[in-house]
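Input: a single structure, listed below in structure tokens.
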Amino acid sequence: AELAERAGLPKGVLNIVTRSPNTDRFEGKLKVQYGEYNTLAVAGYANVPINDKIAFNVAAQRERHDPYIRNINRANPFTAANFPTGSYLGTPQQTANFFNSGVRPLPGYGNQNVWAVKGKILVKPSDNFKATLALDYTDKADTNGSQFYTTTQAYTAAAAAGFFGNFGINAVFPAGFVTTSAGKFTGTKASTSDEDNRDGGASLTAVYNAPGVDITSITAWRFQRSNFYDSFPPLNFPLVEVSNVRHRSFFYQELRGVSTFEGRWHLIGGATYMRNKLPLRQITALLPPLVFLPVSVQESIVKNWSVYLQVGYDITDDLSLTVSGRYIHENYNSAFILPTPETSRTKNTKFVPSGTLSYKVAGGGNVYVRYAKGYKGGGINPVA
């Protein structure tokens, strides 16, 4: 808050900092909620001091509920009557069995299944040095992102038969064969539809209070594994299915110094490094398991480093001037491995200056004039 005030930032700027371990006392909290559809929400927190130099805290959360949307689809919608003789997939019954093998409905959709845990370990070997290790992990594997219901019949039997005809398959669907919904909180879906997300990370923050300056080092690493699978549109048999797998990793390092000496001068300086990696694999099937489109595999890597310096000077007790500058260098590389090898690269460098003249108003608040340039690096749209 003090640094923001010196920089002339307006009130309302938020800096959210999660609770750090406390070496003074043990404390804990627990909250349990239960509702319809077997909705369960449990959250707990504990702070455990080991001694006056070491402490840790841990927080855990569990949330789950049953599906909100009932699936009225049946497991085997096709019969031999839907495929007259002449289909190249075999006899009418063989053809029906083939397409029924791609129908894998769940009894319901829109369930929740999430658990998460996070914690911090604080070590203070001396009065002028402390280090905090933070860890967190979240697992979400459910269909909570697939909630839907349709208000009108979006697809007709004739349209479905025409789609099959594009593949040389003679299909006959009677009126009413294609179903989508029977009202609110009901739906028709022919296959599994889920999302499996795993997200976690670790960070180490070390602070050394040297004479006249606080030196801080932040080292952070994160990962995310996202596996998404769904079918489109919501019908009693699958027309299109998509499997999307993303494995993302992120590394960040910052070293900065903040002046603490007395006087009218206030200094902040440091450097940062960031590496962001995002591989993506996508598989698309038409009339599964009939046609699989070429697998799309791509990978994007962003590398960014910067150096910055901010200088503040108190002209009077109420009037202050702050100037700063940051030099940014960023490389963005993207490679399409499949279906056609292709690479794309961008390189950006930028100097971002700013200046603020701020005056403290009697009774509280600031009046300020600010000049600043911003920068948001361009990138590559990873769509094949």
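Would you pick out the residues in region 190-249 that are under 22 Å from Leu122 (Cβ atoms) and among the polar types (S, T, N, Q)? Within region 190-249, Ser203, Thr205, Asn209, Thr216, Ser217, Thr219 qualify.
A search for C-beta distances below 6 Å between a residue of region 167-185 that is over 16 Å from Leu235 (Cβ atoms) and any residue that is open to solvent by 40 Å² or more (accessible area, probe 1.4 Å) and modelled with pLDDT under 80, counting only pairs 6+ apart in sequence or on different chains, returns Asn170/Gly86; Lys184/Tyr149. Among the residues of region 285-293, is any more than 29 Å from Gly355 (Cβ to Cβ) and within 24 Å of the chain's Cα centre (by Cα)? Checked region 285-293: no residue is more than 29 Å from Gly355 (Cβ to Cβ) and within 24 Å of the chain's Cα centre (by Cα). Looking across region 286-305, the residues that are among the aliphatic types (A, V, I, L, M) and modelled with pLDDT under 90 come down to Leu286, Leu287, Leu290, Val291, Leu293, Val295, Val297.
Scanning region 326-340 for residues that are modelled with pLDDT of 85 or more and touching a Lys or Arg at 6+ places or on another chain (Cβ under 9 Å) returns Arg326, Tyr327, Ile328, His329, Glu330, Asn331, Tyr332, Asn333, Ser334.
Being touching a residue at least 40 places away in the same chain (Cβ under 8 Å) and loosely packed, with under 14 Cβ neighbours inside 10 Å holds for only one residue in Ala75, Ala81, and it is Ala81.
The residue that is nearest to Pro107 (Cα to Cα), among those in region 43-89 that are touching a Phe, Trp or Tyr at 6+ places or on another chain (Cβ under 7 Å), assigned to a strand (DSSP E or B) and among the aliphatic types (A, V, I, L, M), is Ile69. Among the residues of region 17-35, the ones that are open to solvent by less than 60 Å² (accessible area, probe 1.4 Å) and either farther than 20 Å from Ala60 by Cβ or part of a strand (DSSP E or B) (or both) come to 4 in all.
Right, Phe167: under 30 Å from Gln94 (Cβ atoms), exposed (fewer than 15 other Cβ atoms within 10 Å of the Cβ) and aromatic (Phe, Trp, Tyr) or not?
Working: under 30 Å from Gln94 (Cβ atoms): yes; exposed (fewer than 15 other Cβ atoms within 10 Å of the Cβ): yes; aromatic (Phe, Trp, Tyr): yes.
So Phe167 fits the description; yes.
Does Gly176 fit the bill of being of a type in the set (Gly, Ala, Ser), open to solvent by 30 Å² or more (accessible area, probe 1.4 Å) and modelled with pLDDT under 95? So Gly176 passes the test.
Only one of the numbered conditions (1) among the polar types (S, T, N, Q); (2) modelled with pLDDT of 95 or more; (3) surrounded by fewer than 10 Cβ atoms within 10 Å (Cβ to Cβ) is not met by Asn38, and that is (3). Figure legend. Inter-residue proximity from region 1-28: first residues modelled with pLDDT of 70 or more, second residues in a loop (DSSP other than H, G, I, E, B), beta-carbon distance below 9 Å, spacing 6+ or different chains. Indicated pairs: Asn15/Ala1; Thr23/Ile50; Thr23/Asn51; Thr23/Asp52; Thr23/Lys53; Asp24/Asp52.
Residue count for region 320-360 under the criterion of being without any contact (Cβ under 8 Å) to a residue 12 or more places away in the chain and touching a strand residue (DSSP E or B) at 6+ places or on another chain (Cβ under 6 Å): the result is 2. Within region 194-213, being modelled with pLDDT of 95 or more, crowded, with 16+ Cβ neighbours inside 10 Å and polar (S, T, N, Q) holds for Ser203, Thr205.
Can you pull out every residue in region 103-142 that is among the hydrophobic types (A, V, I, L, M, F, W, C), open to solvent by less than 50 Å² (accessible area, probe 1.4 Å) and at pLDDT 95 or above?
Step one: of region 103-142, the residues among the hydrophobic types (A, V, I, L, M, F, W, C) are 103, 106, 114-117, 121-123, 129, 131, 133-135, 141.
When the remaining residues are screened for being open to solvent by less than 50 Å² (accessible area, probe 1.4 Å), the result is 103, 114, 116, 122, 131, 134, 141.
If the condition is that a residue be among the hydrophobic types (A, V, I, L, M, F, W, C), open to solvent by less than 50 Å² (accessible area, probe 1.4 Å) and at pLDDT 95 or above, then Val114, Ala116, Leu122, Ala131, Ala134 are the ones that fit.
The values are calculated or read from the model by the stated rules, or taken from the named source; none is laboratory data. Since we're looking at a predicted model, the values are computed, not measured. Positions of Cβ are generated from backbone atoms using ideal geometry, with glycine treated the same way; all protein chains shown enter the neighbour counts. Quick note on the areas: whole protein, heavy atoms, side chains included, nothing else; ligands and nucleic acids left out. Shrake-Rupley method; radii C 1.70, N 1.55, O 1.52, S 1.80 Å.
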